[in-house]
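Quick one: the structure is below, questions incoming.
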Amino acid sequence: MPEFTLLFVLSQLLAALAFTSGIIAFQQHQRSAMLKFWFVSALLNACHFAVLAQYQAALFVGLTSVRFLVAAISPRLHWMYVFLVLSSLLFFISYSNPINLLPYLAAIVGTVGSFQKNVTLVRILMAIGASAWIVHNLLVGSPVAVLMELAFLSSNLVGYIRSRKLNPAADPGQ
C-alpha cells in the first residue's frame, strides 16, 4: 500500500481529473470532441505518472495524448505507423524493468486500435490495452488509475454488449 504523502495525493487528484475527462469523452457524440477530451485525459494521466516518478509510463501516456490530438485533427493511417515507431523507440530507449512492457503493450495495441474501422476489433484492442494498464497501475500502486481503467474496460464491455443487442448481424461470430 502506498504512503499517503502530498505527492501521492496530488498524483491521485490528477488521476481523478483524468478519469473525469475520460468519462466526459465517452459522452461525446462527435469523434473530434471525444478525442480532444481523451487528449486532456491522457495528458493529466501522464502528469499523474510523472508525480509518482513512473517516468516511462508518463512518457507513454504523454505520447498517447499526442496521438489522440493528432487523430482528432488528421485521422490518416500513416499516423498509426508513426506512433508505432515512436512507441517502439521510446520503449527501447527507456526500458529499465519488466513492468515497462505493460505501457508499451498498451501503447501498441491502443495505437493499432485507434486506427481500425472494425468497431469490434477496436474494442478488443482497447480492452487489451486497458487490461495492461490495470496490471501496471496495480504494480505501481495507483488506486485511482486502477479504478479509472476498470471503469473504461467496463464501459467498453457495456458498449460492446449494447451494440450487439442493437445490431446482432454485425457480430462477426454470427
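Out of all the residues in region 62-73, is one or more of a type in the set (A, V, I, L, M) and more than 25 Å from S32 (Cβ to Cβ)? Give the derivation first.
Of all residues in region 62-73, those of a type in the set (A, V, I, L, M) come to 63, 66, 69-73.
When the remaining residues are screened for being more than 25 Å from S32 (Cβ to Cβ), the result is none.
No, region 62-73 has no match at all.
Among the residues that make up region 88-99, is at least one of them within 15 Å of A42 (Cα to Cα) and free of Cβ contacts under 8 Å to residues at least 60 places away in the same chain?
Among the residues of region 88-99, not one is within 15 Å of A42 (Cα to Cα) and free of Cβ contacts under 8 Å to residues at least 60 places away in the same chain, which makes the answer no.
Before we move on, is A57 aliphatic (A, V, I, L, M) and assigned to a helix (DSSP H, G or I)?
Spelling it out, A57 is indeed aliphatic (A, V, I, L, M) and assigned to a helix (DSSP H, G or I).
Related question: Looking at region 8-31, which of the residues that are open to solvent by less than 40 Å² (accessible area, probe 1.4 Å) and without any contact (Cβ under 8 Å) to a residue 60 or more places away in the chain is farthest from A50 (Cα to Cα)?
The residue in question is A25.
Scan region 6-34 residue by residue and report those that are closer than 16 Å to S65 by Cα and either in a loop (DSSP other than H, G, I, E, B) or of a type in the set (V, I, T) (or both).
T20, I23, I24
Does F37 qualify as being open to solvent by 40 Å² or more (accessible area, probe 1.4 Å) and of a type in the set (F, W, Y)?
Yes: the conditions hold for F37.
Being surrounded by fewer than 16 Cβ atoms within 10 Å (Cβ to Cβ) and either free of Cβ contacts under 8 Å to residues at least 12 places away in the same chain or under 11 Å from the mean Cα position of the chain (by Cα) (or both), is that true of even one residue in region 52-61?
Within region 52-61 (the criterion being surrounded by fewer than 16 Cβ atoms within 10 Å (Cβ to Cβ) and either free of Cβ contacts under 8 Å to residues at least 12 places away in the same chain or under 11 Å from the mean Cα position of the chain (by Cα) (or both)), the answer is yes, since at least one residue qualifies.
What are the residues in region 114-143 that are hydrophobic (A, V, I, L, M, F, W, C), within 21 Å of R76 (Cβ to Cβ) and touching a residue at least 40 places away in the same chain (Cβ under 8 Å), if any?
F115, V119
Something else about it: Give region 64-86 a look and list any residue that's in contact with a helix residue (DSSP H, G or I) (Cβ under 7 Å, 6 or more places away or on another chain) and among the polar types (S, T, N, Q), or say none.
Within region 64-86, T64, S65 meet the criteria.
The values are calculated or read from the model by the stated rules, or taken from the named source; none is laboratory data. No experiment lies behind these values; they were computed from the predicted model shown. Don't worry about glycine lacking a Cβ; one is built from the backbone with ideal geometry, like all the others, and counts go over all protein chains shown. In case anyone asks, the SASA skips ligands and DNA or RNA and just uses the protein heavy atoms, side chains included. Shrake-Rupley method; radii C 1.70, N 1.55, O 1.52, S 1.80 Å.
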